[in-house]
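Computed from the coordinates by the stated procedures, all read-outs in this text should not be read as laboratory data. This structure is a prediction, so every number in the text was calculated from the model and none was measured. Cβ coordinates were reconstructed from backbone atoms using ideal geometry, including for glycine residues, and neighbour counts include every protein chain displayed.
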Amino acid sequence: EADIYQTPRYLVIGTGKKITLECSQTMGHDKMYWYQQDPGMELHLIHYSYGVNSTEKGDLSSESTVSRIRTEHFPLTLESARPSHTSQYLCASSVLGRVGTGELFFGEGSRLTVL
Amino acid sequence: AQTVTQSQPEMSVQEAETVTLSCTYDTSESDYYLFWYKQPPSRQMILVIRQEAYKQQNATENRFSVNFQKAAKSFSLKISDSQLGDAAMYFCAYRSNRDDKIIFGKGTRLHILP
């Protein structure tokens, strides 16, 4: 079982609220990712990080922001949630580069519903 | 740009039978990884099997095996003796060793019929 944790698992909030989805991993991985999973289950990369103080935008434009102040922690924030932000958000981590097996380790996901 | 295509959005198989999920990819690179991930309903995505492109031998993990055809850029997953717990979304993924980019296919939903 992977040591990567996401909280909350489920969140229902009203429009305009600020939310933060937490993601933590205890494997010491440098690279971390946030994916948005649409109702058809397709995965869209929205943010990633190579390490502390590194954040990059992914392939899908997102109004969310991320930070990486500590290696193990990669929170995602929405300043003002809207119904269009309703989705499943998956956090993942991996070893950077060719070291290790190359696989991604995923958290259990955070399902966000904005009313 | 690299692409990963899973042409079967959904598949069904009878319990204890064998099923093959298809995946093709496109790349100009020679050094990469290929993966199959499993996402059970409302549960964590986990790695099923991985293949390094420079290895000719097909990877096997218990009931799961792959048919890796590098020249054809094909990477299918065979599940033998299907079990109810195999019901899930299966994602094929490509990881470049040049720029560390990861590409996922759109997934195949596998149903196991009792």
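Cα-Cα over 29 Å: which of B:38/B:101; B:55/B:106; A:17/B:106; A:57/B:55?
Working: B:38/B:101 20 Å; B:55/B:106 25 Å; A:17/B:106 31 Å; A:57/B:55 33 Å.
Flagged as over cut-off: A:17/B:106; A:57/B:55.
Once you compute Rg and the Kirkwood Rh from C-alpha atoms, what is the Rg to Rh ratio for chain B? Intermediate results must be reported in sequence, preceding the final value.
On the way: Rg = 13.6 Å, Rh = 14.2 Å.
With Rg and the Kirkwood Rh in hand, the quotient comes to 0.96.
When the Cα gyration tensor is reduced to axis lengths a ≥ b ≥ c, the ratio a/c is 1.5 or higher for chain A, and with a/b above b/c it is classed as prolate. Dipole orientation for the range B:1-43: of the candidates B:7, B:24, B:37, B:37 has the Cα lying most toward the positive pole (charges on Cβ; Lys, Arg +1; Asp, Glu -1).
Spin-label model, residue B:70/residue B:84: points 7 Å from Cα along the beta carbon direction are separated by 4.2 nm. Distances between placed amide hydrogens fall under 5 Å for residue B:111 paired with B:11, B:12, B:13, all partners being 5 or more residues away or on another chain.
Here the gap between residue B:1 and residue B:98, fully extended at 0.36 nm per residue and compared with their Cα-Cα distance, gives a gain of 33.7 nm. If you take all other residues with their beta carbon under 15 Å from the beta carbon of residue B:71, and give Lys and Arg +1 and Asp and Glu -1, the sum is +1.
Applying 1/(1 + (r/R0)^6) with R0 = 30 Å to the Cβ-Cβ distance of residue B:29 and residue A:42, what FRET efficiency is obtained, to the nearest 0.05? Each step should come with its number before you reach the end.
Details: r = 23 Å, r/R0 = 0.77.
The calculated FRET efficiency here is 0.80.
Pairs of alpha carbons in the protein assembly as shown separated by more than 21 Å make up 56% of all such pairs.
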